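One structure is given here, and the rest of the page talks about it.
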Amino acid sequence: MVEISSNLLLVAFFLYLIATICFAISVTGRKWRDKQGDVTGNRLGMVGYMVTAIGFIFNVGYFITRWLAAGHVPVSNMFEYTTFLGMALTFAFLILYGIYKTNVLGMFTLPIVMLIIAFASVFPTEVEPLIPALQSNWLKIHVTTTALGQGILSIGFAAGLIYLVRTLDFNKRDKKVFWLEFIMYCLVSLVSFILIRYVFGLFQYQAVFQYVNEAGEEAEMVYHMPAVLAPHQGTPVSSGVMEPLLSMPVWLRSDDANTVLWSLGTGVLVYAVLRLLLRKPLGGAVQPLLKNINPDTVDEVSYRAIAIGFPVFTLGGLIFAMIWAQIAWTRFWGWDPKEVWALITFLFYAAYLHLRLSRGWHGEPSAWLCVIGFVIIMFNLIFVNLVIAGLHSYA
Amino acid sequence: MEKIKCECGHFNPYGTHLCESCGKPLDDKDKNASMVDMRYEGVARRSQTYNKTIIDKIWNFFSSVKVGIGIIVLTLIASSVGTIFPQEMYIPSNVNPAEHYENEYGIAGQIYYTLGFHNLYGSWWYMALIAGLGISLIIASLDRVVPLYRALKMQKVSRNEGFLKRQRMFGIHEPDAPEQTVEDTKWFLSKKRYKVREENGSLLAEKNRFARWGPYINHVGLIIFLTGCVLRFFPGMYVDELVWVREGETEAIPGTDREYYIENEEFFVELYDENDETFAPALQRAGGPQVQTYQTNAVLYQSEGTGTVGTEPELTEVKSDEIQVNHPLRFDNFALYQMDYKLNELNVMSLSMNDRASGEKIGTIDIDLFDPQGEYDLGNGYRVVIDSYFPNFEFNEDGEPSTVSDIPDNPAFIFQMFSPEHPEEGEYSFVGIQRNEDVFGENDYEMSFEGVETKDVTALTVRKDLTLPFLIAGGSIFMIGLIQGSYWSHRRIWLRRFGGEIWTAGHTNKHWASLKKDFVALSRETGLEVPEDKQAKKAMKEKEPNGRDDSNG
């Protein structure tokens, strides 16, 4: 059953890829439209939408079959939650496309969905039993609602990104262009991370190190990528592996730091190659494709996404969270880092809404805020779970 | 302050920008603008009108959305700082916080501790931020909602030309049959679920006005929620206790004034089966057993009478329940939660007294480690007296035997063994876990370990929280208001006839594209052209869109 489930997810992934291509052609395909004298572009958008919908059905298939296999709702570890977030993002896209019919939204959202699903697959995918604290119906209710809220809010990010790429002046080399390119670089690094992880996984690369851990004891650490950063007082056990360049202090998880270094390094390389090939900022290279996009519409899409997502997130991430915390942990609020970051997300989008409604922050400032909001969501998903220890770090 | 009379005859409060009734711009700024500022319908807000007394100044400060956003952002930043290192409540309770932060996190940890960030969310300034947020919520809402309510209630159907002309969406049309067009519009917009009012051939079609109240309702919810949080600090509202209960024992529940008692019939920990088909790979990777259940089979009793300390209470069973994580036992306003446990706590220790030379066993004694007897008579002139008992044995700083606590984690005894050979003084023997020493010289008899009985102990959190109803009410009202304000938008379409001309104007508090869609549909039905969007036109000219949804109300 688990195998069927994984296959369904794979199918969904490739359907999203096809849909992305459809949307991309429909957005950039003005030239072809001219030749045929017909509106091919728009129809391809519709095709993309249908393919996305079918992909979503497969995605739901993954979810249901995994649920059946595990006997509990599959949102209980990093792989399952992150995959569900990708699914929620697709669902949110299906709704917002239904309202605004903007093909460009598909062209940006679906790659993000694919990135999220690919990123999820980096984590262990085995079906795990539930610890006592998670055995509750509120697992279904709280986690799915929160993920859905985050998915809808992420559409705001996609639309904000489109707005920025569409409107920034890439001939200037100012702060705005720098930061947009920084976002591009981050996305490139994420792709690099997934790819090198996959490549080294293909060759089953392994380097085992003996090191001295925090408790001052001898321990072993297994690297799945060549070690540039060695663990504290580490010596390689495996033969024929790369000699590390630097030794890390004891409090740092050196294998994770090593992976991050590899990703960022490969990211720099890929980004540099792209820049050389394109001879302009990545955003500037994409911009001409978007010249027919109406920035006002994109701005409204991003606002609409946040107006829809904010109540959903609040309900799932704060209210349902508090109800469950009262039942499982005896108190509705305990300043656990994950709780605090959910509150921060809430406060951030509350500030966004007030700035937009009362201070007239439309268009560009609003788009930047959408980007920052997404960074907070990702921070809460990745950093708070994996780095800051707390009650939520069971994954 | 005197009222301002508009040419339509309506008296407006001092400070009004747009007449509450007909919408005519009353001050020069609006008269000269191409678009009127529709935020809060141009009503007279106290904060925008008065600024003399100290109360005015405080009112104006807290009614400002800019200040509100400032407080939100400060709270946000402060909250994030509190997650850099664990808060004091999450560090081990047996360490000195000052040392802990320095040892674990170095100089940064030391600074963190010195600045009080280890207890950030309980600090006076964090509380002050939340209080400021509450005050801002109240004042900013009152400043807007009251006049806004008046204006929306007062609004006339046929609006002033100056008002219509200065709407973001405005158009003039000359249809062939104006009367018919108005009729068609009325019919069509009613079909689109607009509430259409008619007056002298003018129309006002309005939809979802209730969405305007959403923000104020959710602010009320938040205020109730924050009030609930403050109530926590009043005595009697909140109980947070822990009770340890051994299997088979019954304890008074702290916080209930000895009215309720809890019995632990059984406590157990259940592990997942390592050979489970589905979970085996994950369990293997985790490399250790995984807990499936922590459970206390508990019985709740209520005591009859006054429950004076010292007298044995008369208990009646109220109910029995299986307490698990996620399944507390509830009674009255209390709940008992599975919080902690201790397996195999020593309970009864059995020792035998033996004759060293012959190896003959004289007799066995069972010592209740929580309530040892002073003397155990073995008959025939043999008896054992407990000279000293150390439930949790250690040598103290002076090298003397002593105990760390009353919990028998490491029990040790000094026995005095009486026998026919030593009837007066007895012989002294020191017995502990993996220790058995004669105290004064060679003894004829010895105490030897026979066995132990252990019990499991459960720890239950006792919780009463009378603030919960407030939080539930506040949270619900907040959600209702939030959804009301987010999922609907207030749209209005005005139609006014001047002879053969029809003027149309439209306004919405958000999502202009949706309003435009309605106009497009209307145009298809009635032939009325879609009014021009001044904002879009301006944006096209400036290439720099700078729109503004008019208000959060």
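The values are calculated or read from the model by the stated rules, or taken from the named source; none is laboratory data. Worth saying up front: this structure is predicted, and the values here are computed from it rather than measured. With ideal geometry, Cβ positions are generated from the backbone for all residues, glycine too; neighbour counts draw on all protein chains shown. SASA here: full protein model, heavy atoms, side chains in, ligands and nucleic acids out. Shrake-Rupley method; radii C 1.70, N 1.55, O 1.52, S 1.80 Å.
Considering segment B:50-109, and only residues there that are open to solvent by 40 Å² or more (accessible area, probe 1.4 Å) and acidic (D, E), the residue that is nearest to A:P249 (Cα to Cα) turns out to be B:E104. Of all residues in segment B:118-139, none are surrounded by fewer than 15 Cβ atoms within 10 Å (Cβ to Cβ) and farther than 26 Å from B:D465 by Cα.
Filter segment B:311-326 down to the residues that are modelled with pLDDT under 90 and of a type outside the set (S, T, Y) and list them by number. The answer is B:E312, B:P313, B:E314, B:L315. In segment A:98-125, the qualifying residues are those that are within 14 Å of chain B (Cβ to nearest Cβ) and part of a helix (DSSP H, G or I), and the one that is modelled with the highest pLDDT is A:L105.
Taking segment A:291-371 as the region of interest, the helices (runs of 4 or more DSSP H) fully inside it that hold 3 or more residues being within 7 Å of another protein chain (Cβ to nearest Cβ) and crowded, with 21+ Cβ neighbours inside 10 Å are A:295-313, A:337-359. Residues of segment A:126-142 include none that is away from chain B (no Cβ under 14 Å), part of a helix (DSSP H, G or I), in contact (Cβ under 8 Å) with a residue 24 or more places away in the chain and surrounded by fewer than 24 Cβ atoms within 10 Å (Cβ to Cβ). Condition first: aromatic (F, W, Y) and touching a strand residue (DSSP E or B) at 6+ places or on another chain (Cβ under 9 Å). Can you find one or more residues in segment B:449-471 that meet it? Yes, the conditions are met somewhere in segment B:449-471. Taken over segment B:211-243, the criterion of being open to solvent by less than 50 Å² (accessible area, probe 1.4 Å) and not in a helix (DSSP H, G or I) is satisfied by B:G236, B:M237, B:V239, B:V243. Entry remark, segment B:335-353: residues being open to solvent by 20 Å² or more (accessible area, probe 1.4 Å) and not charged (D, E, K, R) number 7 in total.
This table checks each residue for (1) within 12 Å of another protein chain (Cβ to nearest Cβ); (2) under 14 Å from B:A298 (Cβ atoms); (3) without any contact (Cβ under 8 Å) to a residue 12 or more places away in the chain.
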{"site": "B:L231", "(1), (2), (3)": "no, no, no"}
{"site": "B:P235", "(1), (2), (3)": "no, no, yes"}
{"site": "B:V243", "(1), (2), (3)": "no, yes, no"}
{"site": "B:T250", "(1), (2), (3)": "no, yes, no"}
{"site": "B:P254", "(1), (2), (3)": "no, no, no"}
{"site": "B:R258", "(1), (2), (3)": "no, no, no"}
{"site": "B:Y261", "(1), (2), (3)": "no, yes, no"}
{"site": "B:E266", "(1), (2), (3)": "no, yes, no"}
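Those residues that are without any contact (Cβ under 8 Å) to a residue 40 or more places away in the chain and either closer than 13 Å to B:T49 by Cα or of a type in the set (G, A, S) (or both), I need them from segment B:13-26; list them, please.
If the condition is that a residue be without any contact (Cβ under 8 Å) to a residue 40 or more places away in the chain and either closer than 13 Å to B:T49 by Cα or of a type in the set (G, A, S) (or both), then B:Y14, B:G15, B:T16, B:H17 are the ones that fit.
Whenever a residue of segment A:268-293 is within 24 Å of A:L105 (Cβ to Cβ), its partners that are open to solvent by 70 Å² or more (accessible area, probe 1.4 Å), lying with C-beta atoms within less than 6 angstrom and at least six residues away or across chains, give the pairs A:A285/A:L278. For segment A:372-391, a residue qualifies if it is modelled with pLDDT under 85, open to solvent by 50 Å² or more (accessible area, probe 1.4 Å), within 11 Å of chain B (Cβ to nearest Cβ) and assigned to a helix (DSSP H, G or I), and exactly one does: A:F383. Restricting attention to segment B:391-415, the residues that are outside any loop (DSSP other than H, G, I, E, B) and buried (at least 19 other Cβ atoms within 10 Å of the Cβ) total 5. Of all residues assigned to segment B:259-267, none qualifies as being in contact with a helix residue (DSSP H, G or I) (Cβ under 9 Å, 6 or more places away or on another chain), at pLDDT 90 or above and either on the phi > 0 side of the Ramachandran plot or open to solvent by less than 30 Å² (accessible area, probe 1.4 Å) (or both).
If we scan segment A:272-286, do we find a residue that is in contact with a Ser or Thr (Cβ under 7 Å, 6 or more places away or on another chain) and either surrounded by 15 or more Cβ atoms within 10 Å (Cβ to Cβ) or more than 8 Å from every other protein chain (Cβ to nearest Cβ) (or both)?
There is no residue in segment A:272-286 that is in contact with a Ser or Thr (Cβ under 7 Å, 6 or more places away or on another chain) and either surrounded by 15 or more Cβ atoms within 10 Å (Cβ to Cβ) or more than 8 Å from every other protein chain (Cβ to nearest Cβ) (or both).
Sub-9 Å Cβ pairs linking a first residue in segment A:83-111 that is at positive phi and free of Cβ contacts under 8 Å to residues at least 60 places away in the same chain to a second residue that is part of a helix (DSSP H, G or I) and hydroxyl-bearing (S, T, Y), at least 6 apart or interchain, are A:K101/A:Y49, ordered by first then second residue.
For the condition within 13 Å of another protein chain (Cβ to nearest Cβ), under 13 Å from the mean Cα position of the chain (by Cα) and in a helix (DSSP H, G or I), A:L153 qualifies. Hey, does segment B:244-255 have a residue that's exposed (fewer than 14 other Cβ atoms within 10 Å of the Cβ) and in a strand (DSSP E or B)? Checked against the condition, which is being exposed (fewer than 14 other Cβ atoms within 10 Å of the Cβ) and in a strand (DSSP E or B), segment B:244-255 yields no hits at all. Please tell me if B:V157 is farther than 29 Å from B:T16 by Cα, open to solvent by less than 20 Å² (accessible area, probe 1.4 Å) and among the hydrophobic types (A, V, I, L, M, F, W, C). Considered against the rule, which asks whether it is farther than 29 Å from B:T16 by Cα, open to solvent by less than 20 Å² (accessible area, probe 1.4 Å) and among the hydrophobic types (A, V, I, L, M, F, W, C), B:V157 comes out as no.
From B:T16, B:T83, which residue is within 14 Å of chain A (Cβ to nearest Cβ), part of a loop (DSSP other than H, G, I, E, B) and in contact with a Pro (Cβ under 9 Å, 6 or more places away or on another chain)?
B:T83
Close contacts from segment A:250-263, counting a first residue that is open to solvent by less than 60 Å² (accessible area, probe 1.4 Å) and a second that is among the charged types (D, E, K, R), with Cβ to Cβ under 7 Å and a gap of 6+ residues or different chains, come to A:V250/A:E214. Do you know which of the residues in segment B:27-49 that are surrounded by fewer than 19 Cβ atoms within 10 Å (Cβ to Cβ) and not in a helix (DSSP H, G or I) is nearest to the other protein chains (Cβ to nearest Cβ)? The extreme case among them is B:D37.
Looking only at residues in segment B:50-68 that are of a type in the set (S, T, N, Q) and in a loop (DSSP other than H, G, I, E, B), which one is farthest from the other protein chains (Cβ to nearest Cβ)?
B:T53
When B:L460, B:L515, B:L471, B:L522 are checked against the criterion of being away from chain A (no Cβ under 13 Å) and buried (at least 18 other Cβ atoms within 10 Å of the Cβ), a single residue qualifies: B:L522.
Condition check ((1) over 20 Å from B:N264 (Cα atoms); (2) assigned by TED's automatic domain parsing to the domain that holds B:V299; (3) in a strand (DSSP E or B)) across all residues:
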{"site": "B:Y337", "(1), (2), (3)": "no, yes, yes"}
{"site": "B:L351", "(1), (2), (3)": "yes, no, yes"}
{"site": "B:D366", "(1), (2), (3)": "yes, no, yes"}
{"site": "B:F370", "(1), (2), (3)": "no, no, no"}
{"site": "B:Y376", "(1), (2), (3)": "yes, no, yes"}
{"site": "B:V385", "(1), (2), (3)": "yes, no, yes"}
{"site": "B:S388", "(1), (2), (3)": "yes, no, yes"}
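Taking residues in segment A:224-243 that are assigned by TED's automatic domain parsing to the domain that holds A:F200, and partners anywhere that are surrounded by fewer than 17 Cβ atoms within 10 Å (Cβ to Cβ) and aromatic (F, W, Y), the pairs with Cβ atoms closer than 9 Å and at least 6 places apart or on different chains are A:H224/A:Y205; A:M225/A:Y205; A:P226/A:Y205; A:H232/A:W251; A:V241/A:Y205.
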